[in-house]
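Let me begin by presenting the structure, written as structure tokens, before commenting on it.
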């Protein structure tokens, strides 16, 4: 495991849909998570989203060993949580490259390619066509 001096951190960036998250992992922490200046519990509220964020730590048995500060923009809460999970996984790779197998197997290093489909000309939405009338 790489050692850092006071003030150093490990950086990772993750994306999902239109959300972009930039994460800093500060070693020797107490497990606090700050998202856009607020605690993660206050920012997200739902336990499911908090579980999504800390999933990489649970997969590696590293809970409460890092303080996490996050800047996230775009998307909704679910997309932001997925982007944070992706960013944390990438930052953990900078901590120790041996984590790659476990994180890859859990699917945390793969960028989720699903995006909102664009509206097409002549249609009402991405796929909904105007109603067909025979006469």
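When you scan the range 99-120, do you find a residue that is surrounded by 20 or more Cβ atoms within 10 Å (Cβ to Cβ) and in a strand (DSSP E or B), even just one? No, the conditions are met nowhere in the range 99-120. In the set 91, 55, only one residue is assigned to a helix (DSSP H, G or I) and touching a strand residue (DSSP E or B) at 6+ places or on another chain (Cβ under 9 Å); that residue is 91.
Is there a residue in the range 24-42 that is within 24 Å of residue 111 (Cβ to Cβ) and under 11 Å from the mean Cα position of the chain (by Cα)? Among the residues of the range 24-42, not one is within 24 Å of residue 111 (Cβ to Cβ) and under 11 Å from the mean Cα position of the chain (by Cα), which makes the answer no.
Bear in mind these aren't lab numbers, they're just calculated from the coordinates by the rules spelled out. Just so you know, these numbers come straight off a predicted model, no measurement behind them. Using ideal geometry, Cβ is built from the backbone for each residue, glycine included, and neighbour counts are taken over all protein chains shown.
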